[in-house]
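Structure record follows, encoded as structure tokens.
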Amino acid sequence: MENFKIDVDADGIALITFDVPGRSMNTLTASVMQEVPQWVERVKTDDAIKGAVLTSGKASGFCAGADLGDMASGMLGGADLQAAYDAGWRLNGALRALETCGKPIAAAINGLALGGGLELTLACHYRVVENDNKIQLGLPEIKVGLFPGGGGTQRLTRLIGVQAAMMAMSEGKSFRPNDAKGAGVVHEVVEKGQSVQAAKAWIKGASKAIQPWDEKGFKLPGGGPYHPAGIQNFLVGNAMIKKQSYGNYPAVLNLMKAVYEGVQVPMDAALRIETRYFIKTLMTPEAQGMIRSLFLSKQELDKGAVRPAGVPKSDPKKVTVLGAGMMGAGIAYVQALAGIETILIDRDQEAADKGKAHVEELLKKRLSRGQIDQAKYDALLASVTATTDYDLIKGSDLVIEAVFENREIKADVTKRAEAQLAPGAVFGSNTSTLPITGLAEASVRPEDFIGIHFFSPVDKMMLVEIILGEKTGEAAIAKALDYVIKIKKTPIVVNDGRGFYTSRCFGTYVAEGMAMLEEGYSPVLIDNIGRMTGMPRGPLEMHDDVALDLSVKIAKQTAEDLGDKYQPLPGSEIVRKMVEDLGRYGRKNGKGFYDYDSKPKVIWPGLSDLAPVKIDDSTPEMVADQKQRLLYRQAVEVARCWEEGVIDDPREADVGAILAWGFAPWTGGPITYIDQIGLKAFVEQADKYAAQYGDRFAPPQLLRDMAAKGETFYGRFAGKKAA
């Protein structure tokens, strides 16, 4: 075997070391799944083996789960359902053989165990995990449109009960070692490096090798579907799933079905039920889109798939951040975590110190959770220097400008910072809307000037949008990508334009909500429909979050820049009155479309005076149409960005949309959404919306041409930028 090594000690205990060659992390590849039955059979039939301990040979973790690339291709085999089922059953059958082999098997978990990695350990009779808060144990498959398909739905439920298991699986929740023990997921927590020893000690004292659910008289913790208490888990759980998913995610519903049906039958039948529902889920367009965008494409981008070829790798050691507000301080924090010396500059020392205090606050949270120790905390905090002194920029590999969205201020700090930079160092602007080419006019080195757009809050938002000006050079692009990858964010690269890609397309969601408000839709109905699309919040909520006064400022700047070409967005006059006449700026001052001084927040009663309600009732047909309207408006804008050359890689378009503004993840992203509907059908529906609501829905010529040729974006453009 190439993925597992077996060493039998003098006590007859086989140490099975899981170590996939050529990879930094173990995953359940097709090769691994072929070898699991082999070592299980040896443990079962070799009389010299009294029991076995399964551990990892990787320093980085135990097992990160299934190789989704292998899975998506290996289980779909055309329309052959039997072949897909057989492929899905391969791991389940092997793990069932493991737990029924008649000999005690323990898992020595010495690193993270996620998805199929945790399922592998759940099939062992005993689980020991090392006391390291970097270790996560969980079943996160729901985050890519799937659910556990290696026995997790049945074993975890039988270990900790329906309610706890469903919460963990439907949310993709991970446990830290001590939490896992408290929940009943593992049996023992030991110090680092002691897991194999502890597992062997258990093997020596094991009296039997049988799982709890295979023992006569086993009862499901908390009760099953027909237990007076257990039935509540399914009644309430079904309602909760509908509330959380709005019916957009087949995986969540199929997960509940697998658990509901599986707990009523013996384990062998339960695992077959799980496999059937898993394959059914895997074949849905939602799962295929999410796997491609949120796993495969994201993984490619995280590794620098769009990095210019031939440019030597760079490793930024010192980076200056201009502006110590929430955005600048957040950037300083993620840089510090990545081991980058950070100079945090603001106009006065008090403001700079306030920014560093935010870094300190975030680091204290990590310290309190045991994710870093005191020595690491002290070192990370010391790596951030809060100052007003531009001389300290000297030696920086990169400068990130994160000051106010004002051209004059940005031009001033650009000149002051560039005076301290060595040749080849990059200047990056964190602007969210102002064109990079225009900002670069203040630079004496426009080939090293680039947009590096973070999202707030920086510590939680995983995307960074890199924007190219007309004169940005390939070396600057490569260095910006190297920096983003080092701070463990996902980069996309787009070309210049007002609002670039993410801000421009996100703005259409908010604007369409405003159009609905102007048309007389109830504010409650607008936001409920928005949430039902799968967007994280309704359009009016989102508008409050990003700040109404910011919208007014951007509108004024855009009007000034475009002159006679400027066209006000729907509802812009409503927003202007709210800001300028009534002082309602959004969530930040507790007054926007909602009043925030009560919990939960409520729609501001005065809104009906500015936008009288004409449509307050709904039908399923109307709701479905308006949901589609909100998604189409965004997707049409994405297609326009494509036609204009703002973005030209389907992976970046989809991943960027989901990570930046929360475009309905169940779709796989706007490009996948268009492809799966079909270009011809999409264009026809967009034309209907254009006739009904205006030219903003009119499909660009690119879509019409592709529809006429029967093309798709992924078919025509996939891999275009690959290095």
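The values are calculated or read from the model by the stated rules, or taken from the named source; none is laboratory data. Fair warning: this is a prediction, and the values are worked out from it, not measured in the lab. Virtual Cβ from ideal backbone geometry, glycine too; neighbours counted across all protein chains shown. Side chains included, ligands, DNA and RNA excluded: accessible areas come from the protein's heavy atoms. Shrake-Rupley method; radii C 1.70, N 1.55, O 1.52, S 1.80 Å.
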* Could you please find all residues in the stretch 482-502 being part of a loop (DSSP other than H, G, I, E, B), at negative phi and not hydroxyl-bearing (Ser, Thr, Tyr)? => 487, 489, 496, 498
* the stretch 565-586, residues that are farther than 18 Å from residue 545 by Cα and among the hydrophobic types (A, V, I, L, M, F, W, C) -> 569
* Residues located in the stretch 21-32, provided they are surrounded by 22 or more Cβ atoms within 10 Å (Cβ to Cβ), of a type in the set (A, V, I, L, M, F, W, C) and in contact with a helix residue (DSSP H, G or I) (Cβ under 8 Å, 6 or more places away or on another chain) -> 28
* To do: Test residue 351 against the criterion of being among the small types (Gly, Ala, Ser), in contact (Cβ under 8 Å) with a residue 12 or more places away in the chain and more than 22 Å from residue 460 (Cα to Cα), and give yes or no.
  => yes
* **Odd one out for residue 358 among (1) touching a Lys or Arg at 6+ places or on another chain (Cβ under 6 Å); (2) farther than 30 Å from residue 247 by Cβ; (3) not aliphatic (A, V, I, L, M)** => (1)
* **strands (runs of 3 or more DSSP E) (entirely within the stretch 47-158) containing at least 1 residues that are in contact with a Gly (Cβ under 8 Å, 6 or more places away or on another chain), open to solvent by 10 Å² or more (accessible area, probe 1.4 Å) and of a type in the set (D, E, K, R)** => 126-130
* Asked: Given the structure, is residue 611 closer than 28 Å to residue 663 by Cβ, of a type in the set (A, V, I, L, M, F, W, C) and under 34 Å from the mean Cα position of the chain (by Cα)?
  -> no
* Scan of the stretch 509-558 for residues that are closer than 19 Å to residue 612 by Cα, surrounded by fewer than 17 Cβ atoms within 10 Å (Cβ to Cβ) and charged (D, E, K, R), ordered by number -> 518, 519
* To do: Run down 204, 200, 173 and say which single residue is open to solvent by 60 Å² or more (accessible area, probe 1.4 Å) and either farther than 19 Å from residue 256 by Cα or of a type in the set (Gly, Ala, Ser) (or both).
  => 204
* Candidate set from the stretch 272-331 (those that are within 30 Å of residue 152 (Cα to Cα) and in contact with a strand residue (DSSP E or B) (Cβ under 9 Å, 6 or more places away or on another chain)); member that is least open to solvent (accessible area, probe 1.4 Å) -> 301
* To do: Restrict the check to the stretch 599-620 and report whether at least one residue is modelled with pLDDT under 95, surrounded by fewer than 20 Cβ atoms within 10 Å (Cβ to Cβ) and under 30 Å from residue 496 (Cα atoms).
  => no
* To do: Would you mind finding the one in 697, 682 that is in contact with a Leu (Cβ under 8 Å, 6 or more places away or on another chain), open to solvent by less than 20 Å² (accessible area, probe 1.4 Å) and on the phi < 0 side of the Ramachandran plot?
  => 682
* **Selected residue [more than 23 Å from the chain's Cα centre (by Cα) and either assigned to a helix (DSSP H, G or I) or within 26 Å of residue 50 (Cβ to Cβ) (or both)] from 252, 236** => 236
* **Search result, residues across the stretch 148-167 that are within 19 Å of the chain's Cα centre (by Cα) and modelled with pLDDT of 95 or more** => 148
* To do: Among the residues of the stretch 178-197, count how many are part of a helix (DSSP H, G or I) and either more than 29 Å from the chain's Cα centre (by Cα) or over 18 Å from residue 123 (Cα atoms) (or both).
  => 6
* Report, by residue number, each residue of the stretch 10-43 that is within 27 Å of residue 141 (Cβ to Cβ) and among the charged types (D, E, K, R). => 19, 23, 35
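Matching residues to (1) crowded, with 18+ Cβ neighbours inside 10 Å; (2) not hydroxyl-bearing (Ser, Thr, Tyr):
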{"site": "352", "(1), (2)": "yes, yes"}
{"site": "368", "(1), (2)": "no, no"}
{"site": "372", "(1), (2)": "yes, yes"}
{"site": "385", "(1), (2)": "no, no"}
{"site": "392", "(1), (2)": "no, yes"}
{"site": "395", "(1), (2)": "no, yes"}
{"site": "416", "(1), (2)": "no, yes"}
{"site": "427", "(1), (2)": "yes, yes"}
* To do: Take residue 259 and decide whether it is surrounded by 24 or more Cβ atoms within 10 Å (Cβ to Cβ), aliphatic (A, V, I, L, M) and either assigned to a helix (DSSP H, G or I) or touching a residue at least 24 places away in the same chain (Cβ under 8 Å) (or both).
  => yes
